[in-house]
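Colleague: Here it is, the structure in full.
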Amino acid sequence: MATAYLLLAPATVLLLGMLAYPLGWEVWISFTDFSPLNDHGPRFVGLENYRHLLADAEFWRAVVVTVGFAAATTLAKLALGVAFALLLARPFRGRTLVFLAIFLPWAYPASVSVIGWYWTLSPPIPTAYSPFMGTLKYTVDGALGGGAWAFLSVTLFNIWRGSSFIGVFLLAGINAVPPELFECALLESRSAWRRFWLVTVPLLRPFLALAVFLSLTTAFADLANVWLLTAGRVVFPVVGTQAYWLAIKGGQFGPASALSLMLVPFLLAVLALLFRAFDPPAEARA
Amino acid sequence: MNPRPWWRRAGHAGLLLVATVYCVFPIYFMFVQSLKTAQEDVFGNPFIVTNPTLENFEELFERKGQPRNFVGRALRRDYPFFVWLENTIVIFGGSVAITLAAGVAAAYALGRLQPPGFRWWRRAIFATYVVPHTILFVPLYQVIIRLGLDDNPVVLLLVYPTMALPFCVWILSAYFQNLPREIEESALVEGASRAAAFYRIVLPMSRPVLIAAGIFALGTIASDFMIASVFLLSEHNQTIPAGLATMEVALDELLAVAGINLMAIPVVLLCAVFARGYVRGLTAAMIEGA
């Protein structure tokens, strides 16, 4: 057993040091009035920061935007991903090429493609395509309010990249299901639509659940990427970025920590639901 | 299967075409821009390039202080692109290696040795994904300052593995857990040590899953932009993504696009070479019970 713990040590130490400890610190700070602007150290204020947040209309706007963004992108990514996986599931001529094309958006490093996407969709320079993009931007912003186009372009980027990951992931899932099961289904029902909902979806359920969860976690990263890229010029109040702003610009570490932690219970609830969906089969077999 | 009517086949082909164009077009667009001269960028057709040139790529590698043949040179900064490239290679390679080493060790312990409560341990590792790194900047900075690693690329070697580890441990341990025990046991009976049995037998058998974990790690690490740009401040410590983001896009748009391509092409090629292995590895892990 000592070997087991020894082998677990590197991964555990990394996760504890770079995730759990900062998280714990953040939880503690969220109960204090800590700020580099004060000359005293952190002072315990209980739930004060949280109470303020819940009474803040701006916070609720951020929550709505965050949850809406996460839900919309996840649904779109799932729909496209399932479509990609089903398209690739059967052999046909040129399948390798189409597979590679679908794999590309995920394989293309998002750290730089987000820069490219962002500047292509909102070009600040006199390129040949900027008049067109500019018109598009002002039309959307005019209809939906300032910053809408930037937000939309991040949404599109996240869907573009995420659907690629989910498509390839679900393709692996389809390959893991014994083909006989699909063949039986073919005999049972002639309607492709019914087969999809009654056979394919239940069989892929654990993989769909995993894909949803992984896609949720990247949705936030993409938002933050663009937000940082534009040095916070692009305004869309999302929980994570609002908190960062509050901490860095306002020096209010306490409220900022409380604000960022508000995301965690939401994601934990999703994870708990998903564990129910994808764990039982493995445990039953073990 | 009975032959499908022509309209079904045409529909299928049409869908494939739409999917391919949707996936590839943005990448194609970025690639085309990087091959343009400034003149063509402004006056040409945005979708094609008529006089492809590599001068944007060449310019990236020009040494500091050397004169450039562009007007308005006074306004434009020089970029140590070569240093960024070196940093990126070292950090990406190192992070993937650390992720795989720590991941394989942990997964072997959880899947094979199964200490008490291993299932909860594995869940806890996976559950760390509920904490987006976006919300950890401020406390992470405290840790980094305490470690004395402020503005030091080593930070990324510590942070990046935590982004990919949970998933890698999950798939690797699912795979290890369900490999038949006899495989290792026969080697142990013949007097091999546990380490030798692992190295000679289990590891080679896990090749596809290792590839899947490695590609996932590379993809995840290569997609990070915020951690690099928040924690690496001085120019000579930055990776390509962090550095490109500091470029003045209004003046150096073509240069930035060339940089994007230069960073992306090797990563994409690596992923493409292992793409089939990636799917096979994921499938193997899923068959063994995700």
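The values are calculated or read from the model by the stated rules, or taken from the named source; none is laboratory data. Bear in mind that the values here come from a model prediction, so they are computed numbers and not experimental data. Reconstructed Cβ throughout: ideal geometry from the backbone, glycine too, with neighbour counts over all protein chains shown.
Colleague: Among the listed residues A:Ala71, A:Ala76, A:Ala62, identify the single one that is of a type in the set (Gly, Ala, Ser) and more than 30 Å from A:Val201 (Cα to Cα).
Modeller: A:Ala62
Colleague: In addition: If the requirement is being part of a helix (DSSP H, G or I) and at the interface with another protein chain (Cβ under 8 Å from one of its Cβ atoms), which of these qualifies: A:Leu100, A:Leu152, A:Leu156, A:Leu136?
Modeller: The unique qualifying residue is A:Leu100.
Colleague: Okay, moving on. Taking the condition of being at pLDDT 75 or above, touching a helix residue (DSSP H, G or I) at 6+ places or on another chain (Cβ under 8 Å) and of a type outside the set (A, V, I, L, M), how many residues in the range A:228-270 meet it?
Modeller: Residues meeting the conditions: 7.
Colleague: For the subset of the range B:227-244 comprising residues that are assigned to a helix (DSSP H, G or I), buried (at least 24 other Cβ atoms within 10 Å of the Cβ) and not β-branched (Val, Ile, Thr), which member is farthest from the other protein chains (Cβ to nearest Cβ)?
Modeller: Checking each candidate, the answer is B:Gly243.
Colleague: Return a yes/no flag: does the range B:100-112 have any residue that is farther than 30 Å from B:Ile201 by Cα and either buried (at least 17 other Cβ atoms within 10 Å of the Cβ) or modelled with pLDDT of 85 or more (or both).
Modeller: Scanning the range B:100-112 turns up no residue that is farther than 30 Å from B:Ile201 by Cα and either buried (at least 17 other Cβ atoms within 10 Å of the Cβ) or modelled with pLDDT of 85 or more (or both).
Colleague: Just one of A:Ala70, A:Ala20, A:Ala4 is within 14 Å of chain B (Cβ to nearest Cβ) and in contact (Cβ under 8 Å) with a residue 40 or more places away in the chain; which is it?
Modeller: The unique qualifying residue is A:Ala70.
Colleague: Quick check on the range B:124-134: of everything there that is surrounded by 15 or more Cβ atoms within 10 Å (Cβ to Cβ) and farther than 14 Å from B:Val159 by Cα, which residue is modelled with the lowest pLDDT?
Modeller: So, considering only residues that are surrounded by 15 or more Cβ atoms within 10 Å (Cβ to Cβ) and farther than 14 Å from B:Val159 by Cα, the one modelled with the lowest pLDDT is B:Val130.
Colleague: Look through the range A:162-188, keep the residues that are surrounded by 14 or more Cβ atoms within 10 Å (Cβ to Cβ) and at pLDDT below 80, and return whichever of them is nearest to B:Arg280 (Cα to Cα).
Modeller: So, considering only residues that are surrounded by 14 or more Cβ atoms within 10 Å (Cβ to Cβ) and at pLDDT below 80, the one nearest to B:Arg280 (Cα to Cα) is A:Phe182.
Colleague: Tell me yes or no: at least one residue of the range B:139-148 is within 25 Å of A:Phe34 (Cα to Cα), part of a helix (DSSP H, G or I) and either basic (Lys, Arg) or touching a strand residue (DSSP E or B) at 6+ places or on another chain (Cβ under 8 Å) (or both).
Modeller: Yes, that holds for at least one residue.
Colleague: Evaluate the range B:110-132: report whether one residue or more is touching a Gly at 6+ places or on another chain (Cβ under 9 Å), under 20 Å from B:Ala217 (Cβ atoms) and not in a helix (DSSP H, G or I).
Modeller: Yes, that holds for at least one residue.
Colleague: Taking into account only those residues within the range B:1-36 that are under 13 Å from A:Leu104 (Cα atoms) and among the hydroxyl-bearing types (Ser, Thr, Tyr), which is nearest to the other protein chains (Cβ to nearest Cβ)?
Modeller: Filtering the range B:1-36 for residues that are under 13 Å from A:Leu104 (Cα atoms) and among the hydroxyl-bearing types (Ser, Thr, Tyr), the one nearest to the other protein chains (Cβ to nearest Cβ) comes out as B:Thr20.
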